[in-house]
Amino acid sequence: MLPQEFLERMENMLGEEYPAFLKSYDIARYQALRLNPQKGDDASFLNRMVFSLERVPWAEHGYYYTAQDTPGKHPYHEAGVYYIQEPSAMAPAAYLTQQMADGAGERILDLCAAPGGKSTQIAAAMAGRGILISNEIHPARAKILSENIERMGIANAVVTNETPQRLAEHFSEYFTRIMVDAPCSGEGMFRKNEEACEQWSTQNVELCADRQDEILDCAASMLAGGGRLVYSTCTFAPAEDEGSIGRFLERHPEFYVEEVPLAEGMSHGLGELSATIRLWPHKLRGEGHYVAVLRKEGTLADGGSGLLKNGYENGLAAGDSKSAAAGIPEYLAFAGETFAGDALEKYAGRECRYLKFGEQLYRIPEGMPSVKGLKVLRPGLHLGTAKKGRFEPSHALALTLHAADVLHTMDLPSDGREIRGYLNGETFPAQGEKGWYLITVDGYSTGWGKLAGGIMKNHYPKGLRKRLY
Ligand SMILES: C[S@@+](CC[C@H](N)C(=O)[O-])C[C@H]1O[C@@H](n2cnc3c(N)ncnc32)[C@H](O)[C@@H]1O
């Protein structure tokens, strides 16, 4: 049941459009996924015709799927071939990364990032270049975010679990782009999420608006002059949409709303903020959303950056005196035996810098800021566990690599029993040279196996195992 006060406000807001808006609640919600360009190009996926897909007009790699498709239960999901995401929710990150060739020279912050829809979309546009800081305030949600970053094979992201205030103490005018996908009253998700509907109240709308003000102030101080800030919500409440942006612009005259082209079906924002964007469920194939694209006065200096409380993270290089203790020789030995072609230089070359957290070895993104004092779940690409004389590669590394990057692969067809057994932790008989194998599904990397004595030992992480049959 939709709350009465909510309906009255919507009727006042929408006038003659109100009946069409109400009718949208009788239509089943639209479902969509975003193909992961890190895993392969769209055309080769579409040629497989696994699902009936149709383009989402405003998002590169975004496609509607039908009720008959069950992409969440397909092995491709575990291989990070796509991310299931509500179609309207694909708009904010599309605007954040508009006109960006790739992530070279970019330092991007996703401030309210879990479970990772926007972060994984931003990372796709960055194509492995530059640095992405994906932050989430709630520890349990930050863990899910980190798992999704891993599943999508993202190598240039740092996942943090901080409040916006703590991050703002650390980074001043540092980021080139910031995404604020704010916690909100969720009115746009009533069709998708009944809980949002039950928890709705006018007091909560006010509470959300106050919280949005605080989050936006932190974002403002972290954005470099000339940088872009995209603010989004999944609510219709003007106090949290044009209201939050209007209050923000009053507090921050150094910001202005950028005029951006509207995609098919999108509408202008209300009142004076008509240059911002509304996505209405009765006007396009998606849920309710609001997007504001803001720019901070100034010019982005090439390679320049603002203040970082603790400076940059240099990490360890292979030749550093401390590298033996960090397990880097063990990793390099593994890399020499496992990687093929350019992968050796890319993942274990002279330019690589490493960090060790306990026994866990990471390759940090280029130009990584120091994260000293911050709660960090993932300081870059997790390479694996380095123990004396032994290296065990991580699941994240498997998902980042491609079949051509390694000497040994074992490909399992997506419609077969074996891949389902593998994802459920089963070992299986196999012939070949002893050692680490990248297990792929129809060519898409999925995890590790270790072959010895005619048996492929399963290294699919225990916590991720599932029955898909
Ligand atoms: C709309 S959701 C983010 C969805 C995410 N961007 C995505 O695309 O998958 C908003 C997030 O803000 C977080 N949040 C809640 N309170 C917050 C606060 N005070 N500061 C920052 N983030 C907060 C929530 O835990 C939630 O994960």
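The values are calculated or read from the model by the stated rules, or taken from the named source; none is laboratory data. The structure displayed is predicted, hence computed values, not measured ones. Using ideal geometry, Cβ is built from the backbone for each residue, glycine included, and neighbour counts are taken over all protein chains shown.
Quick notes on this one:
- Pick from region 288-334, criterion in contact (Cβ under 8 Å) with a residue 60 or more places away in the chain and β-branched (Val, Ile, Thr), ranking: surrounded by the most Cβ atoms within 10 Å (Cβ to Cβ): Val291
Residue-by-condition table, conditions (1) in contact with a Pro (Cβ under 8 Å, 6 or more places away or on another chain); (2) outside any loop (DSSP other than H, G, I, E, B); (3) crowded, with 24+ Cβ neighbours inside 10 Å:
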{"position": "Ser185", "(1), (2), (3)": "no, no, yes"}
{"position": "Leu216", "(1), (2), (3)": "no, yes, yes"}
{"position": "Val230", "(1), (2), (3)": "yes, yes, yes"}
{"position": "Gly246", "(1), (2), (3)": "no, yes, no"}
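- Answer residue from region 202-220, given it is farther than 28 Å from Val260 by Cα and touching a residue at least 24 places away in the same chain (Cβ under 8 Å) and is nearest to the ligand (Cβ to nearest atom) among those: Glu206
- Residue match in region 449-466 (condition: under 21 Å from Phe51 (Cα atoms), among the charged types (D, E, K, R) and surrounded by fewer than 22 Cβ atoms within 10 Å (Cβ to Cβ)): no
- Checking region 383-402 against the condition returns no match, with no residue being more than 24 Å from Lys356 (Cα to Cα), in contact (Cβ under 8 Å) with a residue 60 or more places away in the chain and among the aliphatic types (A, V, I, L, M).
- Residues of region 375-398 that are more than 20 Å from the chain's Cα centre (by Cα) and more than 17 Å from Asp320 (Cβ to Cβ): Gly384, Thr385, Lys387, Lys388, Gly389, Arg390, Phe391, Glu392, Pro393.
- Leu223 over 22 Å from Phe6 (Cα atoms), within 11 Å of the ligand (Cβ to nearest atom) and aliphatic (A, V, I, L, M): no
- Sole residue being within 28 Å of Phe236 (Cβ to Cβ) and more than 9 Å from the ligand (Cβ to nearest atom), chosen from Glu60, Glu150: Glu60
- Residues that are assigned to a strand (DSSP E or B) and more than 13 Å from the ligand (Cβ to nearest atom), drawn from region 160-183: Phe171, Ser172, Phe175, Thr176, Arg177
- Check on Ile84, within 13 Å of the ligand (Cβ to nearest atom), surrounded by fewer than 24 Cβ atoms within 10 Å (Cβ to Cβ) and β-branched (Val, Ile, Thr): yes
- When the strands (runs of 3 or more DSSP E) confined to region 395-456 are screened for residues that are of a type in the set (Lys, Arg), closer than 23 Å to Gly336 by Cα and in the same structural domain as Pro75 (by TED's automatic domain parsing), none reaches at least 3 such residues.
- Test: residue in region 121-141 that is part of a helix (DSSP H, G or I), under 23 Å from Leu374 (Cα atoms) and near the ligand (Cβ under 8 Å from one of its atoms): yes
- Figure legend. Inter-residue proximity from region 342-367: first residues in contact (Cβ under 8 Å) with a residue 40 or more places away in the chain and within 12 Å of Gly327 (Cα to Cα), second residues among the hydroxyl-bearing types (Ser, Thr, Tyr) and crowded, with 20+ Cβ neighbours inside 10 Å, beta-carbon distance below 8 Å, spacing 6+ or different chains. Indicated pairs: Leu355/Tyr362; Lys356/Tyr362.
- Within region 92-120, considering residues that are more than 16 Å from the ligand (Cβ to nearest atom) and either closer than 22 Å to Leu308 by Cα or not assigned by TED's automatic domain parsing to the domain that holds Glu258 (or both), the one surrounded by the fewest Cβ atoms within 10 Å (Cβ to Cβ): Ala104
- If you filter region 187-201 down to residues that are of a type outside the set (A, V, I, L, M, F, W, C), more than 15 Å from the ligand (Cβ to nearest atom) and in a helix (DSSP H, G or I), you find that the one that is modelled with the lowest pLDDT is Glu194.
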